[in-house]
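> Take this structure, written in structure tokens, and hold onto it; I'll ask about it next.
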Amino acid sequence: MSSTTAMSTVTVRKLTVRHRRTAVLDAVDLDFAPGVHGLLGPNGAGKTSLIRVLATVAAPSGGQVELFGSEVGAKSGHRSRAAVRRRLGYLPQEFGYYPGFTVREFVAYVAWLKEMDAAAVPAAVELAVARVGLADRIDARVKTLSGGMVRRVGIAQAIVNDPDLLLLDEPTAGLDPEQRVEFRALIRELGSTSTVIVSTHLVEDVAAACTDVTLIEAGRIAYRGTTQELTALGGEDTGADGPDGNPIERGYTAALRAHRAAVARR
Amino acid sequence: MTNPAYTALRAELRRGLAPWTGPAVALTLLVTLWGKAPQWQGSWGETQSQLHSAAGLLACPLVAAAACWQGGREHRRRTAELLLSVPRSRLAQATTAATPIALWAAAGYLLALGVAFAATAPYTGAGSPSVSIVATDLGFLLSVGFVGFVVGRLVRWRLIAPVLAVCAYVLLGFPGYLNSEARFLSPAQAVALEVSVPVWWFAPVLVAWTGGIAVSVLLAYAARRRYLAVVPLVLAIAAGTLVVHTGADLFRDDPAMARRVCSEAGPGTPQICVNASDAPVLPQMSQALAGMFSRLEGVPGAPTRYVDTQSGPKDGEAGLAYVMRGWGITRNRLTDPRGYASDTALTLVNRDCQAGPPGKDRKKEAERVARTTDAVISWLTGEDSKRYADSRYLAHLKTMPDADRKVWLGRFLATPQRCTPAEVPVL
């Protein structure tokens, strides 16, 4: 593992999240330091629940979550939670927007919601919109944009405050291949100074953009390691994707099966 | 440098449902007023009464529905998740999202008010618009905006906006059917502003009543320290208690309506005195009554001064026919000058006597008096007469020598104050 507790932006101890009686996350321990981290796992594994807790949107049922050294959750005070939120960027899985707003208005609105410094907002909005490749559509209404462009507006609002912790839940959904390539370059750039956590189904996004991978299965950590280590689990790269996928997809499958086998043996 | 709060508010003001609310409110009020224009155009008070009722009963449910729809936006647009992750307080978020609806509603009201006042101004003779009523209406529209918004935030049902509008209509209209002083708590309560004005503290107390409820609801929903909602609630209850306790005394007679304006008296021309608001109609009234006055010239005891009935004619004075602005007078014109003359003649000779015990002779005598009275009215109003008179009585009056008729009329005019039919001279 590349991250250490001393440098961690995110520290999670015994994190438990329940939906009714079902444990969606079960006593999870995690640390995230600056860099780009991929969060992989099958549907319903608990990725979105983890992202929502880290985004301070949902309160954990148990355990401890520290962001930037401050505990968040039900016990945290308003001021410390607000201070943490000012340093967050969050793209929800279902990104909602106001269709009548222009891109500039919407991103500026989110900048206001994030309590950004007034003087910095106009330039920050233009920079964020430019970084997602929508500079030429900055004054277009969001409802006139394609699905991929709307997703990029979502990324722009997430990065407008230059967050120290960027949480992206399925950020590449709806992006075409060219846009995905550009997006990966963007999060690599962001990850050089910030902690970026990307929850995705698309392992090739992880392979291309992430330094670390966390694999979640049924509310537990199934695997943690670098992208290279996960790729190595998939065997040698033959240069072409076989019927079992490319090396990282095979590594993902191997790690998942190993975890399931270990759980079955307990 | 632009404050991001203003940027956010400006975006909310320009986008979504908010900008539609203003024109919708203005259109609703103006369409409602349009159909009754002749009734209100001659009086500031009546204009504001109509606008006040329309704002309370129609604009407020509309604003409540619009604000409710705006409040439900985060559910419909799935932005609630994003809003939960930001540091900006829920109170600031809610206020910024709800304010544009309230402001546009206020703008729509002010636009309608401006148009209505512009239409009224050329036809008013006295009085002035009531700032208190404007402030009260605006306060109520703003308050409804915030309450509707909170309902929309809390109730995740797509039909809640129209349902809220219907509920608001019923809730605001129902107190009007009560005799209790509690009806004054409804901002849609009809008020007779054409003859009365609100007391000086009317606006602050009514705004405290409606605004207190709105702020209380908003704080209970969005404030971090929700118990603070008790403060505006207590204020609202105190204001509401004062309103109920005061009741109809919230309004007093309009001093401007007590002022009288009189025409110039001349030889053979009695003076006419009317309420100041009817001053522009004075020449038309004089013209309508000119025929009657010429017929009464030289009649012993004929009144030298005619006053509007609200003033209460004194000795030597006669009452003018009662004409209501908006009905008998529209846009500073007498709608029926012939009827006005006829009714004034009736007022002059009218007997307000209790009927005595029945009896054949008494009945016959009463009939004679009635026929005589009708003949006098018909003769006084001449060709303008709208009354049916017994032709024999009328012919007799017409064929009398002029001097005899004047003497006879003098005797006749001396009798209306007395209720003994036998004293009425025979025609």
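What follows draws every value from the coordinates through simple rules; no lab data is involved. Because the structure is a prediction, the values reported are computed rather than measured. Quick reminder, even Gly has a Cβ in these numbers, built from the backbone with ideal geometry, and neighbours come from all protein chains shown.
> May I ask which residue of A:51, B:182, A:183 lies farthest towards the positive end of the charge dipole of the protein assembly as shown, with charges of +1 (Lys, Arg) and -1 (Asp, Glu) on Cβ and the Cα centre as origin?
It is B:182, whose Cα lies furthest towards the positive end.
> Sticking with this one: Across 10 Å bins from the origin, how do the percents of Cα pairs in segment A:48-164 run, short distances first?
Taking all Cα pairs of segment A:48-164, the binned fractions are 14, 42, 30, 13, 1 percent.
> Something else: ³J(HN,Hα) across segment A:25-42 via Karplus (A = 6.51, B = -1.76, C = 1.60, θ = phi - 60°), whole Hz, x for Gly/Pro?
Using θ = phi - 60°, the values come out as 10, 10, 6, 8, 10, 8, 9, 10, 10, x, x, 10, 10, x, 10, 10, x, x Hz.
> Which of the peptides B:213-224, B:24-35 is most tightly packed, and how do the rest follow, judged by the mean count of other Cβ atoms within 10 Å per residue?
Highest mean packing first, the order is B:213-224, B:24-35.
> Something else now. Grab every C-alpha pair in the protein assembly as shown, bin the distances at 20 angstrom width from 0 up to the longest one, and report whole percents.
That works out to 15, 31, 22, 15, 10, 6, 1, in percent per bin.
> Quickly estimate the mean residue ellipticity at 222 nm for chain A, helices only: each DSSP H run with n ≥ 4 gives -39500 (n - 2.57), and the total goes over all residues, rounded to 500.
-11500 deg cm²/dmol
> Looking at B:340, B:289, B:269, which one has the Cα that reaches farthest to the positive end of the dipole of segment B:260-423 (charges on Cβ: Lys, Arg +1; Asp, Glu -1)?
Toward the positive end, the furthest listed residue is B:340.
> What share of the DSSP beta bridges in the protein assembly as shown is antiparallel, in percent to the nearest 5?
55 percent
> Now, a different point. With labels modelled as points extended 7 Å from the Cα through the Cβ direction, what inter-label distance (nm, one decimal) is found for residue B:190 paired with residue B:310?
1.8 nm
> Here is a follow-up. Could you give the angle, 0 to 90 degrees to the nearest 10, between helix B:202-222's Cα long axis and the longest principal axis of the Cα atoms of chain B?
20 degrees
> Using just the helices of chain B, give the 222 nm mean residue ellipticity in deg cm²/dmol: DSSP H runs with n ≥ 4 each add -39,500 (n - 2.57), and the total is spread over all residues, rounded to 500.
-18500 deg cm²/dmol
> Counting only Cα, what are the radius of gyration and maximum Cα-Cα distance Dmax of segment B:66-213, in Å?
Rg, Dmax (Cα atoms, Å): 18.2, 61.
> Continuing with the same structure: Given chain B, what percent of its DSSP beta bridges are antiparallel, to the nearest 5?
Numbers: 9 of 16 bridges.
Beta bridges within chain B, antiparallel portion: roughly 55 percent.
> Let me ask another. Note the direction-averaged projected area, equal to a quarter of the hull surface, for the Cα convex hull of segment B:260-423, in nm².
10.0 nm²
> Considering the Cα positions of segment B:146-267, please state its Rg to one decimal place and its Dmax as a whole number of Å.
19.9, 80
> I've got another one for you. Going by amide H atoms built from the backbone, whose H comes under 5 Å of the H on residue B:330, apart from near neighbours?
The list, which skips near neighbours in sequence, is B:335.
> Can you tell which of B:373, B:79, B:241 shows the greatest fluctuation in a Gaussian network model of chain B with Cα springs below 10 Å?
Maximum among the listed residues: B:79.
> Let me ask you something else. Whole percent per 5 Å bin, from 0 to the bin with the longest distance: what is P(r) over all C-alpha pairs of segment B:177-223?
The distribution over segment B:177-223 is 5, 17, 20, 22, 16, 10, 6, 3, 1, given as percents.
> Right, something else. To the nearest 20 Debye, how big is the dipole of segment A:131-172 about its Cα centre, given +1 on the beta carbon of each Lys and Arg and -1 on that of each Asp and Glu?
Working: 6 positive and 6 negative charges, 57 e Å.
In debye, rounded to 20, segment A:131-172 gives about 280.
> Give me Rg over Rh for chain B, both radii from the alpha carbons and Rh done the Kirkwood way, two decimal places.
Ratio value, two decimals: 1.17.
> Given q = 0.13, 0.17 Å⁻¹, what are the Debye log10 I(q)/I(0) values for segment B:4-256, with equal point scatterers placed on the Cα positions and solvent ignored?
At q = 0.13, 0.17 Å⁻¹ the computed log10 ratios are -0.82, -1.29.
> Now, a different point. P(r) tail for segment A:97-162, what percent of Cα pairs lie past 18 Å?
Working: 479 of 2145 pairs.
That fraction is 22 percent.
> Could I have the simple spin-label model distance between residue B:395 and residue A:21, label points 7 Å from Cα toward Cβ, reported in nm to one decimal?
The modelled label-to-label distance comes out at 10.8 nm.
> Output needed for segment B:67-126: three equivalent-ellipsoid semi-axes, defined as square roots of 5 times the C-alpha gyration tensor eigenvalues, in descending order, whole Å. Don't skip to the end; give the middle numbers.
Numbers: eigenvalues 323, 25, 6 Å².
The three semi-axes for segment B:67-126 are 40, 11, 6 Å.
> Also, I was wondering about something else. Order the peptides B:164-172, B:202-210 from the highest to the lowest mean number of other Cβ atoms within 10 Å of their residues.
The packing order, highest mean first, is B:202-210, B:164-172.
> While we're on this one: When Cβ neighbours within 10 Å are restricted to other protein chains, what is their mean count per residue of peptide A:57-67? Intermediate results must be reported in sequence, preceding the final value.
On the way: counts 7, 3, 0, 0, 0, 0, 0, 0, 0, 0, 0.
That average works out to 1.
> Would you work out the charge dipole size for chain B about its Cα centre, treating the Cβ of every Lys and Arg as +1 and the Cβ of every Asp and Glu as -1, and quote it to the nearest 20 debye?
Rounded to the nearest 20 debye, it is 1660 debye.
> May I ask which of A:47/A:143; B:36/B:314; A:14/A:47 have a Cα-Cα span longer than 27 Å here?
A:47/A:143; B:36/B:314
> Counting pairwise Cα distances across segment A:137-266, what percent come out greater than 23 angstrom?
42 percent
> What is the Cα centroid distance between segment B:59-102 and segment B:196-249, reported in whole angstrom?
What the calculation gives is 23 Å, centre to centre.
> Same structure, new question: If you fit an axis through the alpha-carbon atoms of helix B:44-54 and take the longest principal axis of the Cα set of chain B, what angle between them do you get, 0 to 90°, nearest 10?
So the inclination is approximately 50 degrees.
> If amide H atoms are built 1.01 Å from N in the plane of the peptide, which residues on other chains or at least 5 residues away come under 5 Å of the amide H of residue A:223?
Long-range HN contacts for residue A:223: A:215.
> Calculate how steeply helix A:121-131 sits against the longest principal axis of the alpha-carbon atoms of chain A, using the helix alpha-carbon long axis, and give the answer as 0 to 90 degrees to the nearest 10.
That helix lies at roughly 50 degrees to the long axis.
> If one puts a single equal scatterer on every Cα of segment B:231-350 and applies the Debye formula without solvent, what log₁₀ I(q)/I(0) results at q = 0.12, 0.16 Å⁻¹?
-0.51, -0.75
> Averaged over B:83-95, how many beta carbons belonging to a partner chain fall within 10 Å of each residue's beta carbon?
What the average comes to for B:83-95 is 6.
> Then there is this: How big is chain A in terms of Cα radius of gyration and Dmax, in angstroms?
So, for chain A, Rg and Dmax equal 18.6, 59 Å respectively.
> Here's a follow-up. Can you give the average number of partner chain beta-carbon atoms within 10 Å of each beta-carbon in peptide A:122-129, as a whole number?
On the way: counts 4, 0, 0, 2, 0, 0, 0, 0.
That works out to 1 on average.
> Relative contact order, percent, of segment B:227-350 when contacts are C-alpha pairs under 8 Å separated by at least 6 residues?
Once divided by the residue count of segment B:227-350, the mean separation gives 19 percent.
> A further question follows. Can you tell me the dipole magnitude for segment A:97-162 around its Cα centre, using point charges on the Cβ only (Lys, Arg +1; Asp, Glu -1), in Debye to the nearest 20?
Dipole magnitude for segment A:97-162 comes out near 340 debye.
> May I ask you to derive the relative contact order of segment A:97-162, considering only C-alpha pairs under 8 Å and at least 6 residues apart, and to give it as an integer percent?
The value is 47 percent.
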